[in-house]
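Just below is one structure, and these are the notes that go with it.
The values are calculated or read from the model by the stated rules, or taken from the named source; none is laboratory data. Nothing here was measured: the structure is a model prediction, and the numbers come from that model. So basically every Cβ, Gly included, is an ideal-geometry build from the backbone, and we count neighbours across all protein chains shown. Keep in mind that these areas ignore ligands, DNA and RNA; they rest on the heavy atoms of the full protein, side chains included. Shrake-Rupley method; radii C 1.70, N 1.55, O 1.52, S 1.80 Å.
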Amino acid sequence: MLACVSRSCNTVGVYGNDFAGPDAGPDGGLLRQVEAAEAALRAAALHGRVEGDPAALQDYFDAVIAADQKIEPRDWMPDAYRRGLVRQIAQHAHSEIIGMQPEGSWITRAPSLKRKAILLAKVQDEAGHGLYLYAAAETLGVTREELVGLLLDGRQKYSSIFNYPTLTWADIGAIGWLVDGAAIVNQVPLCRCSYGPYARAMIRICKEESFHQRQGYEILHTLSHGTPAQHEMAQDAIDRWWYPSLAMFGPPDTDSTHSEQSMAWKIKRFSNDELRQRFVDMCVQQAGVLGLRIPDPDLRWNDERQEHDFSAPDFDELMRVIKGDGPCNTERMAYRRRAHSEGAWVREAAAAYAAKRQEAVAV
Amino acid sequence: MNGEPLFEVFVRPRRGLSHTHVGSLHAPDAELALRNARDLYTRREEGVSIWVVAATAITASSPDEKDAFFDPAADKVYRHPTFYDIPDGAKHL
């Protein structure tokens, strides 16, 4: 029996379980979980129509959710379901848009033409993800102008992680591995969300995110096996990004405000702490392959729980950063507002051209 | 961003398949909508053809009248081939 060690061995992805365990490494089961969610979406749709009278609004809504089918834009839904989704999807969209900044600032400084091209493609993906999500939010009856306004006026938040600076090239690696990694762990369950447009957007996004995570991992692997200074740079990036990445899963379950209802409506499928644990368990093995250290002296395998024990991130810091007092909040918002206002003439010119052409057709 | 019109985007993934709805986007006009759709929905060779349709040009059935609207089809089982009993021995049916 030959051992299958090579990456090019084409049986690796064919055999084995569909739900790879947390030890599956960077090639692991996340992408397969996205595919499983997509298959489940199709399968649920094939179960046939949900029994019940659509006129009995709440009952029918509950029945659709119970049958694991999707709520679609023109279906009746409780106001709180609609409001909660708008808030969640919009904040997710804002995060993608603001998330272009920490990486965008490294496009001109990436160490090779290949790395520049890759980073450019990645930042373009983030813009795309923002747009898929804004479009999903708009199906709930909110306009794009309102959503953009909510971000620019600071009335809606984006993920606190983007308020940290990218100081070195290794930070681009750490963002890909840890920040995108945490985002994927958070987002894969959203591929099964009960709201159809959101679930479909998430399936698209997760498939693309997997490239993001791998490119970050590759950057760190290259640095870690380079000169001692490069190795140190990679370690320094992980030291700074580890705890903010853990904080991305939100406050501990005991303090989380929106969770219970979100679970009942099958918007959210796992609690903040469950997802954080899953992320830590994945990262430990991956850090080993990188030859880098996770900066937590209390991180160790707990044989009884079959999970790792680890130190919680500083949740007070998370709250401060969310409230606006992070290292880069002011800079990120100022940059976003400037980009929006400096783009005004482009939007005006395009609108004027469209109007002129419409007139020409009308004559 | 003065309320650019909304376009629905349909992509034909490969020759031989129908165009499928993939999402929507805003653009000042159809031509820019097409270019934006290329950048937004086919960054990884997801399609060989794109349609963009102004959302206002689409007339849709309403979910409120779902039953009344689709009911006429429910009692016409004879439209399906499985409705018919085929005598033993009849081939190529």
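Keeping all protein chains in position, work out how much accessible area B:ASP39 exposes to a 1.4 Å probe, and write it in Å² to the nearest 10.
Rounded to the nearest 10, the figure is 70 Å².
How much accessible area per residue does chain A have, in Å², with a 1.4 Å probe?
On the way: 17970 Å² over 363 residues.
About 50 Å² of surface per residue is accessible.
Rounded to whole Å, give me the distance from the Cα center of segment A:163-202 to that of segment B:14-59.
Cα centroid to Cα centroid, the span is 25 Å.
What accessible surface, in Å², does a 1.4 Å probe find on A:TRP177, ignoring ligands, DNA and RNA and rounding to the nearest 10?
0
State which helices in chain A qualify, where a helix is a whole DSSP H run, it must extend 18 Å or more along its own axis by its Cα atoms, and its mean Kyte-Doolittle hydropathy must be at least 0.0.
Helices meeting the criterion: A:30-46, A:113-138.
Taking only protein heavy atoms and a 1.4 Å probe, what accessible area per residue, in Å², does segment B:12-93 have with all protein chains in place?
77
Determine the order of A:PHE162, A:PHE211 by accessible area, beginning with the largest, at a probe radius of 1.4 Å.
Of A:PHE162, A:PHE211, the descending order of accessible area is A:PHE211, A:PHE162.
Within chain A, what's the longest stretch lacking GluC sites (Glu not before Pro) that sit in DSSP loops with no more than 15 other Cβ atoms inside 10 Å?
Numbers: sites that count: A:GLU51, A:GLU304.
The answer is A:52-303.
Could you compute how much accessible surface A:ARG269 exposes when probed at 1.4 Å, giving the result in Å² to the nearest 10?
80
Based on the alpha-carbon gyration tensor of chain A and its eigenvalue square roots a ≥ b ≥ c, which shape applies: rounded if a/c is under 1.5, prolate if not and a/b is larger than b/c, or oblate?
Oblate, because a/c is 1.5 or more while a/b does not exceed b/c.
Can you list the residues of segment A:62-77 that have at least 10 square angstrom less accessible area with all protein chains present than in their chain by itself, probe 1.4 Å?
Residues of segment A:62-77 that lose at least 10 Å² of accessible area once the other chains are added: A:ARG74, A:ASP75.
Tally up the carbon and sulfur contribution to the accessible surface of segment A:221-347 as a whole percent, 1.4 Å probe, everything protein left in place.
Solvent-exposed carbon and sulfur of segment A:221-347 make up 53 percent of the total.
For the pair B and A, how large is the buried accessible area, both sides, in square angstrom to the nearest 100, if the probe is 1.4 Å? Present the calculation step by step, with values, prior to reporting the outcome.
Values: alone 7950 and 19000 Å², together 24850 Å².
Accessible area lost upon association: around 2100 Å².
Under a Cβ-Cβ cut-off of 14 Å, what is the net charge of the residues other than B:PHE7 that fall near it, where Lys and Arg count +1 and Asp and Glu count -1? Write out the running numbers ahead of the final one.
On the way: positive: A:ARG144, B:ARG35, B:ARG38; negative: A:GLU138, B:GLU4, B:GLU8, B:ASP29, B:GLU31, B:ASP39.
Counting the neighbours of B:PHE7, the net charge comes to -3.
7 Å from Cα along Cα→Cβ at both A:ARG338 and B:GLU31: what's the point-to-point distance in nm?
3.3
So which of A:LYS157/A:LYS268; A:LYS116/A:LYS157; A:LYS70/A:LYS268; A:LYS70/A:LYS122 end up more than 21 Å apart by C-alpha?
Violating the 21 Å limit, Cα to Cα: A:LYS116/A:LYS157; A:LYS70/A:LYS122.
Which shape class applies to chain B: rounded if a/c is under 1.5, otherwise prolate when a/b exceeds b/c and oblate if not, where a ≥ b ≥ c are the square roots of the Cα gyration tensor eigenvalues? Intermediate values should be presented prior to the final figure.
Numbers: a/c = 5.24, a/b = 1.85, b/c = 2.83.
Taking the square roots of the gyration eigenvalues as a ≥ b ≥ c, chain B is oblate.
In degrees, nearest 10, range 0 to 90: what is the angle between the Cα axis of helix B:30-41 and the longest Cα principal axis of chain B?
80
Using a/c under 1.5 as the rounded threshold, could you call segment A:120-209 rounded, prolate or oblate? The axes a ≥ b ≥ c are square roots of the C-alpha gyration tensor eigenvalues, and prolate needs a/b larger than b/c, oblate otherwise.
On the way: a/c = 2.08, a/b = 1.31, b/c = 1.58.
Oblate, because a/c is 1.5 or more while a/b does not exceed b/c.
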